[in-house]
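Asker: I am attaching a structure below and will ask some questions about it afterwards.
FYI, it's all coordinate maths here, none of it is from the lab. For clarity, every value in this text was computed on a predicted model and none was experimentally measured. Here the Cβ positions follow ideal geometry from the backbone for every residue, glycine too, while neighbour counts run over all protein chains shown.
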Amino acid sequence: MSAMSEQEKTNNIGVSAGAVTQPSAPAEIAGSGAFVRQPNRFSAFFGEAPGELPAEPGRYRLLWCAACPWAHRAVIVRRLLGLEQAISLGTVDPIRPPLPHADWAFTLDEGEVDPVLGIRYVSDAYRAADPDYRGRPTVPALVDIPSGKVVQNDYFRLTNHLETAWAVFHAPDAPDLYPEHLRGEIDALNEVIFHEVNNGVYKAGFARSQEAYEQAFDTLFTRLDWLEERLGRSRYLFGDGITDSDVRLYTTLARFDAAYFTAFRANRQRLADYTHLWGYARDLYQTRGFGDTTDFDAIKRHYHLSGHLSGQGNSPYGIVPLGPDPEGWLLPHGRG
């Protein structure tokens, strides 16, 4: 992995570069009206060197939301690699709690408290790690169970850490999602997928100017067209084996028709209108680790009912769309 990815460079210039000065403006909107995602605060690597985190089974709890694509990909990789017993899982409600700040709540658990960490909100673990933390408390977040502190929230690299530093704990039949001979190509494609697809839908959905929206819209669908062509030549992004890149692309595709097409105005066409991308997405959905961790109800409730940067949900009357029919994901994909 490179010393600093393009995603990290974007994060480093982040909100401080050209940020809107009006007090009512969301913190992650630049002066042009474009969405600029906040940087990740806890990005330590796993290893034995000073400052690195030990890869120690039973020590960490992975906090996630079933609606969140960034957290979903960590959960898919955890399942594919057989790390369920090594890293426990805490699940937050897809509906954000009614607080004056963005947060995630453990209202799905008995007593509305995480049963392992004993906390009500994800922000509790962030403040335990840094009492002065002022950013959004995000998922995925790896929490050190003994201390109750978040130690890793770098969604961009977390799956790579699980694929490499945790290899000794992988199941015997676990796939190699990050093969050494392809890492350079995977890293390069991951950068493109992040900027133009994973974060591209958010750039369209959170834009606060017509120009920023149209630029994000055009970039997103130009890249989806390119991926459609690429996936017309191979089963997965790198041939016949699933890699880390497939996991990253899948989590956006799984949310596309149910959320991004309407809630984020990414509406040139649906995923179901593509031949190869739609077949590819169904192929992955029908693979262990993908479909069995995909919760369309949580996805729709989050994106249509929860407030995002604006503090307002997309459905002020509390209406959750009934479609698309999830049975479509079980149709034969014809990609074997």
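Asker: Tell me the label only: which of (i) 0.97; (ii) 0.93; (iii) 1.08 is Rg/Rh (Cα atoms, Kirkwood Rh) as calculated from this structure?
Answerer: Matching the structure shown: (ii).
Asker: Modelled label-to-label distance, residue 195 and residue 210, 7 Å Cα→beta-carbon offset: nm?
Answerer: 2.7
Asker: For the pair residue 233 and residue 130, what calculated FRET efficiency results from E = 1/(1 + (r/R0)^6), where r is the Cβ-Cβ distance and R0 = 35 Å, to the nearest 0.05? Kindly include the intermediate steps, with their values, before the conclusion.
Answerer: Working: r = 46 Å, r/R0 = 1.33.
In this case the efficiency is close to 0.15.
Asker: How high is the relative contact order of the chain, in percent, with contacts defined as C-alpha pairs under 8 Å that are six or more residues apart? Mind showing how you got there, number by number?
Answerer: Details: 526 pairs, mean separation 61.1, N = 336.
After rounding, I find 18 percent.
Asker: What is the calculated FRET efficiency for residue 240 to residue 330, with r their C-beta to C-beta distance and R₀ = 35 Å, to the nearest 0.05? Walk me through the numbers before you get to the answer.
Answerer: Working: r = 22 Å, r/R0 = 0.64.
With R0 = 35 Å, the Cβ-Cβ based efficiency is 0.95.
Asker: State, to one decimal in nm, how far the label point of residue 56 lies from the label point of residue 145, with both points 7 Å from Cα in the Cβ direction.
Answerer: 1.2
Asker: Now, a different point. Taking 0.36 nm per residue of sequence separation and subtracting the Cα-Cα distance, how much length would be gained by fully extending the chain between residue 49 and residue 267, in nm to one decimal? Working shown, then result.
Answerer: Numbers: separation 218, 0.36 × 218 = 78.48 nm, distance 4.74 nm.
So the chain would gain 73.7 nm between residue 49 and residue 267.
Asker: Going by amide H atoms built from the backbone, whose H comes under 5 Å of the H on residue 149, apart from near neighbours?
Answerer: Long-range HN contacts for residue 149: 144.
Asker: If you average the alpha carbon positions of the stretch 197-243 and of the stretch 133-192, how far apart do those two centres end up, in angstrom?
Answerer: Cα centres, the stretch 197-243 to the stretch 133-192: 22 Å.
Asker: Binning at 10 angstrom from zero up to the longest distance, how are the C-alpha pair distances of the stretch 207-336 distributed in percent?
Answerer: P(r) over the stretch 207-336, rounded to whole percents: 11, 41, 34, 13, 1.
Asker: Size of the dipole of the stretch 125-206 about the Cα centre, Lys and Arg at +1 and Asp and Glu at -1 on the beta carbon, nothing else charged, in debye to 20? Show your work: numbers first, answer last.
Answerer: Working: 7 positive and 12 negative charges, 108 e Å.
Rounded to the nearest 20 debye, it is 520 debye.
Asker: With a point put 7 Å past each Cα toward its Cβ, work out how far residue 101 is from residue 84 in nm, to one decimal.
Answerer: Result for the modelled spin labels: 3.5 nm.
Asker: Right, here's the next one. Using the Cα atoms as the points, what is the convex hull volume per residue of the stretch 95-193 in Å³? It would help to have the intermediate numbers written out before the result.
Answerer: Working: hull volume 15.9 nm³, N = 99.
So the per-residue Cα hull volume is 160 Å³.
Asker: What's the FRET efficiency of residue 286 with residue 113 using the Cβ-Cβ distance as r and R₀ = 35 Å, to the nearest 0.05?
Answerer: Details: r = 36 Å, r/R0 = 1.02.
In this case the efficiency is close to 0.45.
Asker: Do any trypsin sites (Lys or Arg not before Pro) in the stretch 55-95 lie in a DSSP loop with no more than 14 other beta carbon atoms within 10 Å, and if so, which? Write down the numbers at each step before the final one.
Answerer: Values: sites: 59, 61, 73, 78, 79; in loops: 59.
In loop regions of the stretch 55-95 (DSSP not H, G, I, E or B), there are no sparsely surrounded trypsin sites (Lys or Arg not before Pro).
Asker: Now for a separate question. Take each of the peptides 124-135, 322-333, average the number of other beta-carbon atoms within 10 Å over its residues, and list them starting from the highest. Can you show the working numbers first?
Answerer: Values: 124-135: 15.8, 322-333: 12.4.
Ranked by mean Cβ neighbours within 10 Å, highest first: 124-135, 322-333.
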